[in-house]
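Engineer: Sharing a structure, written as structure tokens. Questions coming.
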Amino acid sequence: MDKQPLDTSPLYQTYQRAPLAFERGEGVWVETRDGRRFMDLSGGVAVNVLGHAHPHLVAALKDQAEKLWHTSNLFEIPGQRRLAERLTANTFADKAFFTNSGAEALECAIKTARRYHYVSGQPERYRILTFEGAFHGRTLATIAAGGQAKYLEGFGPKVEGFDQLVFGDEAALRQAAAGADVAAILIEPIQGEGGIRTVPTPFLQLIRELCDTYGLLLIYDEVQTGIGRTGRFYAYENSGVVPDILASAKGLGGGFPVGVCLATQEAAKGMTPGSHGTTYGGNPLAMAVGNAVLDVVLEEGFLEEVRRKALLFKQSLASLADRYPDVVEAIRGEGLLIGLKMRVPNTEMVAALREEAVLAAPAGDNVVRLLPPLNVTEEEIRTAMERIENAAARLSPALQRASA
Ligand SMILES: *Cc1c(COP(=O)(O)O)cnc(C)c1O
């Protein structure tokens, strides 16, 4: 068959990409092929927790690359065991299953919850309660879990078994949780793509209470919030409301694709030999980098520093919001997961920031996300603030009127 002429690119046209291609990076800085330097506060969308080309991560990857890349999960992978030991020692979890992405970690979490009830003699319990504004990935099950029409449209019947609740609606939650066919409640402790919306602790406490009452499993999606992003290893530590299952990815590899599903031994009891698998998940390269990320993030005092710098950044941003109330409405988020709720369209702010050589990521609810590396310096935060201020000034209708 003759090929049709291409439009402009051999790639799927699923992204409207910014016309920028980067060649190298160091810490918070990235450089284009033609030598333009940008401050990267988009962080590869919450992935580059230690910035670009962190020497310890580069060394770990190079070292592993010269030894062994891949063996499959038919054999022991010592790096997996080590990373699992460290992840479980530092969380609620007892068990880990490694994946290549966040969506796959969620798939594992959903399967774990359903199997738990299956082996507990209640196979009718398979429904998962989720929340409006959620984002859980782009596989067929995770778009059903997220429930957003724009991601479901045109992809055939929505995968069965996901019920979406209104964010914060207690009565609806109480009623849904009592359903005899419910397996689990799935929630992001802070909605990332949804606009850096923090779930109030009392609402999380109610969810935990209902899970305990009805024998449901609580699943956290910490793909975006995990690995120190909020100033704690995992964001659930901020509320103290502990899940049974947790999906993590993004920051875990600091830029190398890796995810993990964490669970208590009890919650994971249905995941028996042969019930689940992956070709690449947890391969030696990914494990070498994941362990290297943890070397840094779990180092004594590291997360304390993240919290200190985050406070500084947020205070500066709050003062900016006070000075440009016609541009920035509010500052949201926890730690270095920062959202600027905008009064002007968030896309305009992202563009204005790019003019100031700052990269930021848009999110839902008209929010601009700032996701600096966790090892960003105070001086870099000051530089970022100057540039953000310039961008805000560009967009300020009051200033534009004054200069007209
Ligand atoms: C990014 C993200 C995902 C999906 O992760 P992928 O690696 O893109 O599959 C799922 N949940 C949340 C909260 C995310 O931020």
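Engineer: Treating cross-link reach as a plain straight distance, find the lysines whose alpha-carbon is under 29 Å from the alpha-carbon of K67, omitting any fewer than eight places away in the same chain.
Structural biologist: K95, K250
Engineer: HN-Hα J couplings of the range 309-324 from phi, Karplus 6.51/-1.76/1.60, θ = phi - 60°, integer Hz, Gly and Pro as x?
Structural biologist: 5, 5, 4, 4, 4, 5, 5, 5, 5, 5, 5, 4, 4, 5, 7, 10
Engineer: If the cut-off is 22 Å between C-alpha atoms, which lysines fall inside it for K158, apart from same-chain ones fewer than 8 positions away?
Structural biologist: K111, K150
Engineer: May I ask for the net charge around A134, where only other residues with Cβ less than 9 Å from the Cβ of A134 are counted and Lys, Arg are +1 while Asp, Glu are -1?
Structural biologist: -4
Engineer: Enumerate the amide H contacts of G254 below 5 Å, restricted to partners 5 or more residues apart or on another chain; note that Pro and chain-start residues carry no placed amide H.
Structural biologist: Placed amide hydrogens put V49 under 5 Å from G254.
Engineer: Follow-up. For R138 paired with F155, estimate the spin-label separation in nm (one decimal), with each label point 7 Å from Cα along the Cα-to-Cβ line.
Structural biologist: Inter-label distance under the simple model: 0.9 nm.
Engineer: Please report, in debye to the nearest 20, how large the charge dipole of the range 258-396 is about its Cα centre when each Lys and Arg carries +1 at its beta carbon and each Asp and Glu carries -1 there.
Structural biologist: 340 debye
Engineer: Sticking with this one: Quick one: which residues, 5+ away or cross-chain, put their amide H under 5 Å from the amide H of F167? H built at 1.01 Å from N.
Structural biologist: E132
Engineer: Right, next: Modelled label-to-label distance, Q400 and A65, 7 Å Cα→beta-carbon offset: nm?
Structural biologist: Here the modelled spin labels are 4.6 nm apart.
Engineer: Neighbour counts of other C-beta atoms within 10 Å: give me F92, F98, F162 arranged from fewest to most.
Structural biologist: On the way: F92 18, F98 28, F162 21.
Starting with the residue having the fewest Cβ neighbours, the order is F92, F162, F98.
Engineer: For the range 97-152, what is the convex hull volume of its Cα atoms per residue in Å³?
Structural biologist: Normalising the Cα hull of the range 97-152 by residue number yields 77 Å³.
Engineer: Something else about it: Cα centroids of the range 42-58 and the range 105-145: how far apart, whole angstrom?
Structural biologist: Going from one Cα centre to the other spans 30 Å.
Engineer: Which one of Q148, Q175, Q122 has the biggest mean-square fluctuation once the chain is modelled by GNM with Cα springs under 10 Å?
Structural biologist: Q175
Engineer: Calculate, in whole percent, how much of the Cα-Cα pair population of the range 238-359 lies beyond 18 Å. Numbers along the way, then the final one.
Structural biologist: On the way: 5179 of 7381 pairs.
Every Cα pair in the range 238-359 considered, those over 18 Å come to 70 percent.
Engineer: Run through the range 105-154 and list the GluC sites (Glu not before Pro) located in a DSSP loop whose Cβ has at most 12 other Cβ atoms within 10 Å. Please list the in-between numbers first.
Structural biologist: On the way: sites: E107, E124, E132, E153; in loops: E124, E132, E153.
When the GluC sites (Glu not before Pro) of the range 105-154 are filtered for loop state and at most 12 Cβ neighbours within 10 Å, E124, E153 remain.
Engineer: Using only alpha carbons, build the gyration tensor for the chain and give me the equivalent ellipsoid semi-axes, biggest first, whole Å.
Structural biologist: Working: eigenvalues 234, 138, 98 Å².
Semi-axes (√(5λ), whole Å): 34, 26, 22.
Engineer: In debye to the nearest 20, how big a dipole does the range 334-391 give about its Cα centre with +1 on each Lys and Arg Cβ and -1 on each Asp and Glu Cβ?
Structural biologist: On the way: 6 positive and 10 negative charges, 44 e Å.
Dipole about the Cα centre, nearest 20: 220 debye.
Engineer: Could you give me the ³J(HN,Hα) list for the range 293-308, computed from phi with Karplus coefficients 6.51, -1.76, 1.60 and θ = phi - 60°, whole Hz, x at Gly and Pro?
Structural biologist: So the J values, rounded to whole Hz, are 4, 5, 3, 7, 5, 8, 4, 3, x, 5, 5, 4, 4, 4, 5, 5.
Engineer: When Rg is the radius of gyration of the Cα atoms in the range 1-81 and Rh is its Kirkwood radius, what does Rg/Rh come to? Working shown, then result.
Structural biologist: Values: Rg = 18.6 Å, Rh = 16.6 Å.
Using only Cα positions, Rg/Rh for the range 1-81 is 1.12.
Engineer: Quick one: among T14, T279, T91, which has the greatest mean-square fluctuation in a GNM of the chain with alpha-carbon springs under 10 angstrom?
Structural biologist: Among T14, T279, T91, the largest GNM mean-square fluctuation belongs to T14.
Engineer: Using the Cα centre as the reference, give the magnitude of the dipole from point charges on the C-beta atoms of the chain (Lys, Arg: +1; Asp, Glu: -1; all else neutral), rounded to the nearest 20 debye.
Structural biologist: On the way: 41 positive and 49 negative charges, 58 e Å.
Dipole about the Cα centre, nearest 20: 280 debye.
Engineer: Under a Cβ-Cβ limit of 4.7 Å, which cysteines in the chain have nobody to pair with?
Structural biologist: Lone cysteines by the Cβ rule: C211.
Engineer: Using Cβ counts within 10 Å as a stand-in for footprinting exposure, how do D221, D7, D365 rank, fewest first?
Structural biologist: Least crowded to most crowded, the residues run D7, D365, D221.
Engineer: Measure nothing fancy, just the Cα-based angle from helix 55-65's long axis to the longest principal axis of the chain, in degrees from 0 to 90, nearest 10.
Structural biologist: Relative to the chain, helix 55-65 is tipped by roughly 50 degrees.
Engineer: Next question, about the same structure. Let me check the size of the range 68-297 from its C-alpha atoms; what are the radius of gyration and Dmax in Å?
Structural biologist: Cα radius of gyration and Dmax of the range 68-297 are 16.7, 54 Å respectively.
Engineer: For the range 73-89, what does the Karplus curve 6.51 cos²θ - 1.76 cosθ + 1.60, with θ = phi - 60°, yield as ³J(HN,Hα) per residue in whole Hz, taken in order and with x for Gly and Pro?
Structural biologist: Computed from phi, the couplings for the range 73-89 are 7, 6, 10, 5, 10, x, x, 5, 4, 5, 5, 5, 4, 6, 5, 6, 5 Hz.
Quick note: the coordinates plus some simple rules give every number you see, no bench work behind them. Computed from a predicted structure; not experimentally measured. Cβ: placed from backbone, ideal geometry, glycine included. Neighbour counts: every protein chain shown.
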